[in-house]
Amino acid sequence: MKFSKWIPVLIAVLFFIFPHKGHAVDYSISQFDILAEVQESGEVNVTETHTYEFDSEFNGITRHLAPKDGSAIENVKASENGEDLDLSVENDLYRIYRAGEDETIEVTITYTIKDAIQSNGDLAEFYWAFFGDVNESDYGNVSVALIPPSPTSDVTAFGYDRAFDKESIQGDGTVRFEYGKVPAQTKGDIRAAWDADVFSSSIVNTEEDLRAELAAAKESLEQEAAAYNERRDLIAVIGISVLAIYGLYLLYLIITGVRRSKSVQKEARSHDHSGTGIPSEIMSLPALIWYMNGHLPNEAIGASLLNLVRKGNVIQSTESEFMIAHRRDLKEQEEILLNWLFNEIGSGDTFTLEELEQYTSIKENHTQYQHSEALWKEAVHREMKGHELYENKTNHRLAAGFSSLIMLPLIVLFPLHDLMPELFAAVMLMIAAIAYAIAYSPRTVKGVLIRNEWIEAKRSYFNTSVDEWENWSEDDKMRMYLYGLGSNDKDIMDKNDKLIAAFKPLSASAASAYTVDISTLAILSAVTGPSFHSANESASIQSSSNASSAGAGGGGVGGGGGGSGAF
């Protein structure tokens, strides 16, 4: 099995499973510290310290501050090392201007929250979200400190989502939340309540029993956490069992495939190629090139035309002009090639390289050129498939591919329950199953035999002396030459040049009107190969330049707790 050509597909699968969020500015936020000093009046003075590490040019940072209903954020300022920084605001998004490149900066943001305290005369509560699920950036480490107006021992505190079970209450009533790392788009609301006696009586603004409400909310969180942990343990047990069973299933498939491949290789080795020169001509030149290389290089078109010269279907009247001699014994792809070159580009019975250059220089012809090329390649591929070089394992591959869907529920459930090692294993197994389904295409004995013979022929060709090569038939010389040309194989082409340079061409009396020798073929290829390569490059580049491309734009941070960014 050849996996290298499927690497782009696997990369696409990885990006689908782990979508990459691109930023115009390359940065990380290593530290985010919040100090909230609650005043007796109920106002909260907040000091935020943001540590940004930039690996690119930047113009500043952003901070979205989304107030709760009924509250307001005022007097927002920013500074660095005690020096004020310019800022602007639009829809609660503050842009703080501080340009630089490849450096670490520490920006301090201060502001006041109005009407953030709710009190019933017994307790006074601060319930806030300093960031929310609209936050676009990861935080390396987050800490929040809530300081009451004066020391008190009557304190209740807890947090939601990322803040759950992260609180600690100090002896003076200060509440600290140590979040640690907080991924983007993560919530972490916090609640803290102190004895109302440390606040002004004028902020009493509710008749609700805050103590009972907080106790009920905390108990509910603890029950949810207990249920979550129980569910997490159950999912882990079931998930790991499924991973193990599915992993063994994939291992069985792979081992079975390897054994089958070795068996076929062994049978193929029993059919040693004992002839001289190169292997016998079982399939056409372009079909062979496709089979051995997995694709058709641009040079394969010119080589296929010269192969028709070799076979006598086409003759060259001048160095750049070709004529159709006859259309007998043509394969489908050869008929398509002749119609494309002689009828579509040329004048019917003749085709010149000047006509090719003129045709591809006209922008309006590029679509038709690529369409005709695609038709020819499809016919070449059909011919290759017709030789049954690969075993038909469609049902087996479909079964393997669709079996990977077993991983989808686990890929959804594992991250929801913070089972990241298990998630990684599930993703890797799914990718392995998809890769296996795509790439598993075992060769038949015939396919292995052809491939092994040509690999061996190429290896032995490099050790062939001029005297040995001269004993080859003229047809074998031309076939190896055209194989190297059409495959764009630099090693074979270099060897060809060395042999031809030391070879005495056939005398004029030895050639007939419809034969061509290796020397003549080499001269033709020197002009034909670059012409078709340039034609394909021209058609491809011009066509791709017509396609429009759109870049992804970065949006601002929305409400729901706010977030951080850079520009």
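The table below lists the values:
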read-out	value
The lone exception for Gly70 - which of (1) over 31 Å from the mean Cα position of the chain (by Cα); (2) not in a loop (DSSP other than H, G, I, E, B) it fails	(2)
All positions within region 56-75 that are closer than 23 Å to Arg191 by Cα and either β-branched (Val, Ile, Thr) or touching a helix residue (DSSP H, G or I) at 6+ places or on another chain (Cβ under 7 Å) (or both)	Ile73
Count of region 275-312 residues which are in a helix (DSSP H, G or I) and acidic (Asp, Glu)	1
Subset of region 172-195 that is hydrophobic (A, V, I, L, M, F, W, C) and either modelled with pLDDT under 90 or under 30 Å from Ser28 (Cα atoms) (or both) - its residue that is surrounded by the fewest Cβ atoms within 10 Å (Cβ to Cβ)	Ala184
Filter pass, Ile518 being β-branched (Val, Ile, Thr), modelled with pLDDT under 80 and closer than 25 Å to Thr318 by Cβ	yes
Unmet requirement for Leu35, which otherwise passes all of (1) in contact (Cβ under 8 Å) with a residue 24 or more places away in the chain; (2) closer than 15 Å to Ser564 by Cα; (3) over 32 Å from the mean Cα position of the chain (by Cα)	(2)
Enumeration of residues in region 86-139 that are aromatic (Phe, Trp, Tyr) and touching a residue at least 40 places away in the same chain (Cβ under 8 Å)	Tyr111, Phe126, Tyr127, Trp128, Phe130, Phe131, Tyr139
Matching option when the condition is at pLDDT below 90, in the same structural domain as Val264 (by TED's automatic domain parsing) and not acidic (Asp, Glu), among Ala457, Ala435	Ala435
Residue, farthest from Glu40 (Cα to Cα), within region 144-162, restricted to residues that are touching a Lys or Arg at 6+ places or on another chain (Cβ under 8 Å) and of a type in the set (A, V, I, L, M, F, W, C)	Phe158
Those strands (runs of 3 or more DSSP E) lying entirely in region 133-185 with at least 2 residues of a type in the set (Val, Ile, Thr) and more than 16 Å from Leu35 (Cα to Cα)	155-159
Subset of region 115-134 [among the aromatic types (Phe, Trp, Tyr) and surrounded by fewer than 19 Cβ atoms within 10 Å (Cβ to Cβ)]	Tyr127
Test: residue in region 389-398 that is in the same structural domain as Glu230 (by TED's automatic domain parsing), within 20 Å of Pro183 (Cβ to Cβ) and either touching a Leu at 6+ places or on another chain (Cβ under 9 Å) or surrounded by 12 or more Cβ atoms within 10 Å (Cβ to Cβ) (or both)	no
Subset of region 135-151 that is crowded, with 16+ Cβ neighbours inside 10 Å and touching an Asp or Glu at 6+ places or on another chain (Cβ under 7 Å) - its residue that is farthest from Ile190 (Cα to Cα)	Pro149
Those helices (runs of 4 or more DSSP H) lying entirely in region 358-444 with at least 3 residues within 30 Å of Leu341 (Cα to Cα) and aliphatic (A, V, I, L, M)	366-386
Residues located in region 482-492, provided they are among the aliphatic types (A, V, I, L, M) and either exposed (fewer than 13 other Cβ atoms within 10 Å of the Cβ) or under 17 Å from Thr520 (Cβ atoms) (or both)	Leu482, Leu485
Flag for Arg191 being assigned by TED's automatic domain parsing to the domain that holds Ala116 and basic (Lys, Arg)	yes
Residue within region 83-90 that is assigned by TED's automatic domain parsing to the domain that holds Thr47 and surrounded by 21 or more Cβ atoms within 10 Å (Cβ to Cβ) present	no
Pick from region 459-481, criterion farther than 18 Å from Ala501 by Cβ and not polar (S, T, N, Q), ranking: surrounded by the most Cβ atoms within 10 Å (Cβ to Cβ)	Arg479
Candidates Leu210, Leu214, filtered to the one that is surrounded by 13 or more Cβ atoms within 10 Å (Cβ to Cβ) and in contact with a Phe, Trp or Tyr (Cβ under 9 Å, 6 or more places away or on another chain)	Leu214
Residue that is modelled with pLDDT of 90 or more and either outside the structural domain of Arg382 (by TED's automatic domain parsing) or within 18 Å of Leu485 (Cα to Cα) (or both), where the choices are Asn307, Asn298	Asn307
Sole residue being modelled with pLDDT under 70, in a helix (DSSP H, G or I) and not acidic (Asp, Glu), chosen from Ser525, Ser544, Ser531	Ser544
Failed criterion for Glu422 (all others in (1) among the charged types (D, E, K, R); (2) in the same structural domain as Val264 (by TED's automatic domain parsing); (3) surrounded by fewer than 16 Cβ atoms within 10 Å (Cβ to Cβ) hold)	(3)
Checking Ile254 against (1) more than 30 Å from Leu375 (Cα to Cα); (2) of a type in the set (Val, Ile, Thr); (3) buried (at least 18 other Cβ atoms within 10 Å of the Cβ), the condition it does not meet	(3)
Qualifying positions in region 186-215 - under 19 Å from Ala145 (Cβ atoms), part of a strand (DSSP E or B) and over 51 Å from the mean Cα position of the chain (by Cα)	Trp194, Asp195
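The values are calculated or read from the model by the stated rules, or taken from the named source; none is laboratory data. Please read these numbers as outputs of a predicted model, since none were measured by experiment. Cβ: placed from backbone, ideal geometry, glycine included. Neighbour counts: every protein chain shown.
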